[in-house]
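The values are calculated or read from the model by the stated rules, or taken from the named source; none is laboratory data. Just so you know, these numbers come straight off a predicted model, no measurement behind them. Virtual Cβ from ideal backbone geometry, glycine too; neighbours counted across all protein chains shown. Calculation scope for accessible area: heavy atoms of the full protein, side chains included, ligands and nucleic acids excluded. Shrake-Rupley method; radii C 1.70, N 1.55, O 1.52, S 1.80 Å.
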Amino acid sequence: MIDPKEASAALSDINDMIRRVRQSRIYELASQFLVVAGVFVLAGNLTTYFVPRYAIYIWPAVNVLTVVVSAAVSTFDFRRTGVRSFDGRMLIVFVLFYAFGLLCSVVLGHYGPREMGTFWPTYFMLFYCIAGLWFGYAFIAMGATIAALTLIGYFFITGPLWLIWMAMVNGCGLILSGLWMRWGE
């Protein structure tokens, strides 16, 4: 028999362990998505640097490929873990996310290429920061850092070098954040 204090301490330890496992699982899933997205964003920025006239085709392809590959990674992960991380709700989230972003940037905003290239990374990072309020401060640190560096590039880096900046900040930033979440936590 254990006394009420020992029972309370044991339950507290169990709850702490559950919280750590849940956060670890969330970070593992997020790291997969971040690396996938980072690779495509890096490639998108570099491709846009070399053939800017095709940006109107490059970025929709980057976004679609990111969603499709994330769904594929989730399918393989489901076979390994038995936990479904990409389902119909997740697809709806992506559709709503992109629809609202397009409404703001194309319909209401009429952004040029540079403004569009700044809006989307900061828009994505807003949601990472919001997710950090529930899932861990790493999301907030990552989102705030990439958003700040994106804005620094927007205001201080001119000409085509801005796309190289964005490839490093946004693409490599997402990849490094994903690796940090995987191995750092």
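What's the whole-number percent of alpha carbon pairs in the chain lying beyond 22 angstrom? Intermediate values should be presented prior to the final figure.
Working: 8750 of 17020 pairs.
Every Cα pair in the chain considered, those over 22 Å come to 51 percent.
What is the Rg over Rh value, at two decimals, for the stretch 1-107, using alpha-carbon atoms and the Kirkwood definition of Rh? Walk me through the numbers before you get to the answer.
Details: Rg = 20.6 Å, Rh = 17.0 Å.
With Rg and the Kirkwood Rh in hand, the quotient comes to 1.21.
Need one number: nm distance between label points at Y49 and V21, each 7 Å from Cα along Cα→Cβ, rounded to one decimal.
Between Y49 and V21, the simple spin-label model gives 4.5 nm.
Cα axis of helix 137-156 to longest principal axis of the chain: angle in degrees, 0 to 90, nearest 10?
The answer is roughly 10 degrees.
Using alpha carbons only, how many angstrom separate the centre of the stretch 118-185 from the centre of the stretch 1-57?
First find each Cα centre; the distance between them is then 14 Å.
Between L103 and V64, what is the label-to-label distance in nm when each label sits 7 Å out along the Cα-to-Cβ direction?
According to this spin-label approximation, the distance is 2.3 nm.
Quote the relative contact order of the chain in percent (integer), defining contacts as alpha-carbon pairs under 8 Å separated by 6+ residues.
Values: 155 pairs, mean separation 68.7, N = 185.
Over the chain, the number comes to 37 percent.
Helix-only estimate, please: 222 nm mean residue ellipticity of the chain, summing -39500 (n - 2.57) across DSSP H runs of length 4 or more and dividing by its residues, to the nearest 500. Each step should come with its number before you reach the end.
Values: 7 runs with 150 residues, N = 185.
The helix contribution divided over the chain gives -28000 deg cm²/dmol.
Which residue fluctuates the most in the chain, going by a Gaussian network model with Cα springs under 10 Å, if the choices are I58, I175, I18?
I18
Report, to the nearest 10°, how far helix 88-102 tilts away from the longest principal axis of the Cα atoms in the chain, using its own Cα long axis and a range of 0 to 90°.
Relative to the chain, helix 88-102 is tipped by roughly 40 degrees.
How far is it, in nm, from the label point at D13 to the one at I157 when both lie 7 Å from their Cα along the line to the Cβ?
5.0
In nm, what is the difference between 0.36 nm times the number of residues separating V95 and I164 and their Cα-Cα distance? Present the calculation step by step, with values, prior to reporting the outcome.
On the way: separation 69, 0.36 × 69 = 24.84 nm, distance 2.81 nm.
Extra length available between V95 and I164 comes to 22.0 nm.
Give the residue list of trypsin sites (Lys or Arg not before Pro) in the stretch 42-141 that are DSSP loop and have at most 15 other beta-carbon atoms within 10 angstrom.
Numbers: sites: R53, R79, R80, R84, R89, R114; in loops: R84.
Passing both the DSSP loop test and the Cβ count: R84.
Hey, what angle do you get for helix 4-50 against the long axis of the chain, alpha-carbon based, 0 to 90 degrees rounded to 10?
With rounding to tens, the tilt is 20 degrees.
Considering only protein heavy atoms and a probe of 1.4 Å, how much of the accessible area of the stretch 86-168 is carbon and sulfur, as a whole percent?
Percent of accessible area from carbon and sulfur atoms in the stretch 86-168: 82.
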